[in-house]
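The values are calculated or read from the model by the stated rules, or taken from the named source; none is laboratory data. Since the model is a prediction, treat every value here as computed from it, not as a measurement. Cβ coordinates were reconstructed from backbone atoms using ideal geometry, including for glycine residues, and neighbour counts include every protein chain displayed.
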Amino acid sequence: MPTEVIVQNLYIFNSKLSKTEEDGANKILFYYPAYEDENKKVLNVGHIEAVIYFTTNFNKNQSCESLRTEKTLQVLYNPEPDFWIIITLSAQCKTKQNLSASSDEPVYCTYNLQEPIYLAILKHWYHTFQMTVGNMTKLMIENDADHLRVMLNKFYNKYLQSTDVSSQTFMDMFQGISFLPLENVIHLYAQSFLNAIENTFQQVDFSMLLYNDSLVWSGLNKRQTQLVYSYILMWVLPEIIRDENVVKGNSVQKLLPNQLVGRFITNIWAIKTDSWSCDLGKVPVLWLRNNNDDTFKSYRLVIYKAHHSILCMFIKMDNPLTADLYNSLDQFLGTKLHLLSEKIKNSVEKSLSSKSYTDRPAKFVYFNAMNLAIKNSIKSSHTTSITNKYSEFNLSPEALRILVDISSQHSCLHPTSSTMIKTSNDNWVAGRLCNSREIYIVLNQKLTKLCDVDLEIQNLCTQELGTIFFYD
């Protein structure tokens, strides 16, 4: 049954900021929608606080993650000590005509709302906030609660305005990275090119290369790569697609007139920026976790595009950015990155001509938790992730819900397990977990024997997914 998902509210609070019932509003750091009555805001926060404290009586080591009622689903996330992020959603089915009344009454179907999807969204939003703005506890200690409120409002209002939460589906649970399979020679050529950049320009600490919406190489660890990759896909690529001539009329073009092959990309979505020169646009500042001591270090993110390739360079904050540095980078990168992009293009076209998933009756999703690699045949492009619709996946809502249930079940099962479910229309939905690798399949054909389903999974794993293990 078609379902309309509505975000009723999203709020962040810290109970330590309130000491009495009279100052209950002080604990609220962010609340959407902002126009709601203050008493209602305090009441909603107080209600969920009571639930949190009540559930600790049963398990002090694990906090409550969801609360489901007849009309709503509330998902709770505790990212830092004393900080809570809560999202409340309602799901209305198609209105049913009430025979005893002239008006239609909404019919709620919250069973269509699945906790793992929205918990994954809250976690991803928080980690992106941590990367682009900073740690909430640290921000409040170094400044004050009002400063944290300002930064939370800037960040979450942009996300809520630009993201259709109701369209999030099975694929959004993984936040996986789409790697670009390349021939060994081309892959080594790309890696050598990035090493040359870091050796030539000591200001560049790390670099990352994307081709369209797929990752070619990253010098960051997998978690940092995952966050930066999704940040690029959500905020940078859509702007490039909407307007390829993003620097037209910008001062960058005036200061760097020789940008004939490639160009620098300014980021209008940056929350924190380094305004080293108002003439050169916004330069995002990202906070990346240090692997050695678990601290965060800030970097400027400078993005350069040539052909279909996007190069991300992470500049140390103690190195000044100047027009001379931009010119030197442009002269070094322009032609070389364009030629590399042409080589990648030829390799990709050669690979696509020899392999196609559209001919197979099975639709699959493969995820490798070891390197966060994701591969699928149900969605062609990550750049459309902001407007996910069931039609893009060519799967029924029932199949997508079953996939979420199977994935959630895997987290509680043996490291090697399989699940197969037959749907109401006689198709099969299957999932297999093996050594941190997950494969999910929807068979668009009627198979009556479980052995036939298992054989299809085996064939898909060995014949179609072999190349993904190159990135293990």
- Identify, please: which residue in segment 201-242 is in contact with a Gly (Cβ under 9 Å, 6 or more places away or on another chain) and assigned to a strand (DSSP E or B) and is, among those, surrounded by the fewest Cβ atoms within 10 Å (Cβ to Cβ)? 205
- How many of the residues in segment 315-331 are surrounded by 16 or more Cβ atoms within 10 Å (Cβ to Cβ) and either under 24 Å from residue 131 (Cα atoms) or not assigned by TED's automatic domain parsing to the domain that holds residue 302 (or both)? 2
- Query: Is it the case that some residue within segment 309-328 is touching a residue at least 24 places away in the same chain (Cβ under 8 Å), more than 21 Å from residue 282 (Cα to Cα), in contact with a His (Cβ under 9 Å, 6 or more places away or on another chain) and of a type in the set (Gly, Ala, Ser)?
  - Reply: no
- Item | Test for residue 168: is it buried (at least 17 other Cβ atoms within 10 Å of the Cβ) and at positive phi | no
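Please work out which residue is farthest from residue 180 (Cα to Cα), limiting yourself to segment 416-452 and to residues that are modelled with pLDDT of 65 or more and β-branched (Val, Ile, Thr).
Looking only at segment 416-452, we keep the residues that are modelled with pLDDT of 65 or more, and these are 416-444, 451-452.
Subsequent filtering for residues that are β-branched (Val, Ile, Thr) retains 416, 419, 421, 423, 429, 439, 441-442.
Values: 416: 27, 419: 29, 421: 32, 423: 33, 429: 27, 439: 19, 441: 21, 442: 24 Å.
The qualifying residue farthest from residue 180 (Cα to Cα) is 423.
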- Message: For segment 369-398, which positions are modelled with pLDDT of 80 or more and closer than 25 Å to residue 422 by Cα?
- Response: 374, 375, 376, 398
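What number of residues within segment 17-26 satisfy the criterion of being farther than 19 Å from residue 37 by Cα and either in contact with a strand residue (DSSP E or B) (Cβ under 9 Å, 6 or more places away or on another chain) or among the aromatic types (Phe, Trp, Tyr) (or both)?
Step one: filter segment 17-26 for residues farther than 19 Å from residue 37 by Cα, giving 17, 19-20.
Subset that is either in contact with a strand residue (DSSP E or B) (Cβ under 9 Å, 6 or more places away or on another chain) or among the aromatic types (Phe, Trp, Tyr) (or both): 17.
Residues that pass the stated criteria total 1.
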- Message: Looking for something touching an Asp or Glu at 6+ places or on another chain (Cβ under 8 Å), farther than 30 Å from residue 338 by Cβ and among the hydroxyl-bearing types (Ser, Thr, Tyr) - is there at least one such residue anywhere in segment 155-170?
- Response: yes
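Just to be sure I understand, how many residues within segment 59-90 are more than 22 Å from the chain's Cα centre (by Cα), more than 19 Å from residue 5 (Cα to Cα) and surrounded by 13 or more Cβ atoms within 10 Å (Cβ to Cβ)?
3
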- The lone condition residue 134 fails out of (1) over 30 Å from residue 72 (Cβ atoms); (2) of a type outside the set (A, V, I, L, M); (3) not in a loop (DSSP other than H, G, I, E, B) is (3)
- Task: Taking the options 155, 179, 174, name whichever one is within 23 Å of the chain's Cα centre (by Cα), closer than 20 Å to residue 9 by Cβ and not assigned by TED's automatic domain parsing to the domain that holds residue 296.
- Result: 155
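Could you check segment 157-200 and list, in sequence order, the residues that are in a loop (DSSP other than H, G, I, E, B) and not hydroxyl-bearing (Ser, Thr, Tyr)?
Matches in segment 157-200: 164, 168, 174, 175, 176, 180, 181, 182, 183.
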- Task: Would you be able to tell me the number of residues in segment 42-63 that are touching a strand residue (DSSP E or B) at 6+ places or on another chain (Cβ under 8 Å) and either of a type in the set (Phe, Trp, Tyr) or at pLDDT below 90 (or both)?
- Result: 1
